[in-house]
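Here's the structure we're looking at; comments come further down.
Laboratory data are not the source of any read-out in this text; all were calculated from the coordinates shown. Here the structure is a predicted model, which is why all the values come from computation and not from measurement. Ideal geometry is used to build each Cβ from the backbone, glycine not excepted, and the neighbour counts take in all protein chains shown.
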Protein chains: 2
Amino acid sequence: MTYKATNFSEKFALFSEHWSPKIIAQMNDYHFKLVKFQGEFVWHHHSDTDEVFIVLDGEMTIHFKDGDVHIKAGEMFVIPKGVEHKPFAQQECKVMLVEPAGTINTGDAGGEKTAPDGVWI
Amino acid sequence: MTYKATNFSEKFALFSEHWSPKIIAQMNDYHFKLVKFQGEFVWHHHSDTDEVFIVLDGEMTIHFKDGDVHIKAGEMFVIPKGVEHKPFAQQECKVMLVEPAGTINTGDAGGEKTAPDGVWI
């Protein structure tokens, strides 16, 4: 039979809301999630895990307490476990996150930008 | 301070050999590796882990015993743990692999295409 690869553009076309990661693949106990960023997110950290940001389209900045990183399409960055960070995107930016299943987007912070976990597209 | 994102094109420019994955990032106990594929690889499987292929440039096919999957730039596929597979690329294809640290490229099969593990670029 012919298996089908997961196409990022096709998946991004299925949703429009910002800051709400959608799961597209699972590897062992990790999820690969697509998310659209625009504007300011909240300061937060993840106590139990590193978190990978891979920018697929556009560009974004992640603020840290001691600086920042600019990430554009074709680049990735690993946020170390426990490090406070605040994503920001001037214009819409399409990102793939890699993190353990069950990771919540706002980490320890909670609040109105907390997205439901476990949503596959 | 300003942190630097990992740029895939810059990393790919640092090596030319095929079938020899280079580590570019670590998330928890997982490695993100860049590899250039061209030609036929060997049949093999990984007994202990799923394996993620993300195609960044070009296109490739992974043969399975019961079919195959075609993956092009902007697509990904997860090879389930234990499933025999054989990567193939007609022309050079640039890929990012995600798998546990210590995963050997030829899995159970060994042979001359077995690449050294643990090489960072």
Restraint check, A:Lys94/B:Lys113; A:Lys36/B:Lys4; A:Lys86/B:Lys94; B:Lys4/B:Lys33, Cα-Cα greater than 24 Å: A:Lys94/B:Lys113; A:Lys86/B:Lys94
Counting Lys and Arg as +1 and Asp and Glu as -1, what is the net charge of the other residues whose Cβ lies under 10 Å from the Cβ of B:Val119? +1
Expressed as a whole number of Å, what is the distance separating the alpha-carbon centroids of the range B:72-121 and the range A:60-85? 27 Å
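Considering Cα pairs under 8 angstrom that are at least six residues apart, work out the relative contact order of chain A and quote it in whole percent. Could you put the intermediate results ahead of the total?
Working: 283 pairs, mean separation 39.3, N = 121.
Here the relative contact order equals 32 percent.
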Taking amide H positions as placed in the peptide plane 1.01 Å from N, state which residues far from A:Ala101 in sequence (5 or more) or on other chains have amide H under 5 Å from it. A:Tyr30, A:His31
Along the Cα-to-Cβ line of B:Ala115, 7 Å from the Cα, sits a label point; which residues in the range B:15-30 have backbone N less than 11 Å from it? B:15-24
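Within 10 Å of each Cβ of B:111-120, how many other protein chain Cβ atoms are there on average?
Values: counts 0, 0, 0, 0, 0, 0, 0, 0, 0, 0.
If you average over the peptide's residues, the count of other-chain Cβ atoms is 0.
Rounded to the nearest 20 Debye, what is the dipole magnitude of the range A:36-98 about its Cα centre when Lys and Arg each give +1 and Asp and Glu each give -1 at the C-beta?
Working: 6 positive and 11 negative charges, 15 e Å.
Charge dipole, the range A:36-98, about its Cα centre: 80 debye, nearest 20.
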DSSP loop (so not H, G, I, E, B), at most 11 other Cβ within 10 Å: list which trypsin sites (Lys or Arg not before Pro) in the range B:61-121 pass both filters. B:Lys65
Can you list the aspartates and glutamates whose alpha carbon is less than 15 Å from that of B:Lys72, not counting same-chain residues fewer than 8 positions off? A:Glu10, B:Asp57, B:Glu59, B:Glu92
Under a straight-distance cross-link criterion of Cα-Cα below 14 Å, which aspartates and glutamates are reachable from A:Lys65, leaving out those fewer than 8 residues away in the same chain? A:Glu84
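Which FRET efficiency, nearest 0.05, do B:Phe64 and A:His63 yield, Cβ-Cβ r, R0 51 Å?
Values: r = 44 Å, r/R0 = 0.86.
For B:Phe64 and A:His63, the calculated efficiency is 0.70.
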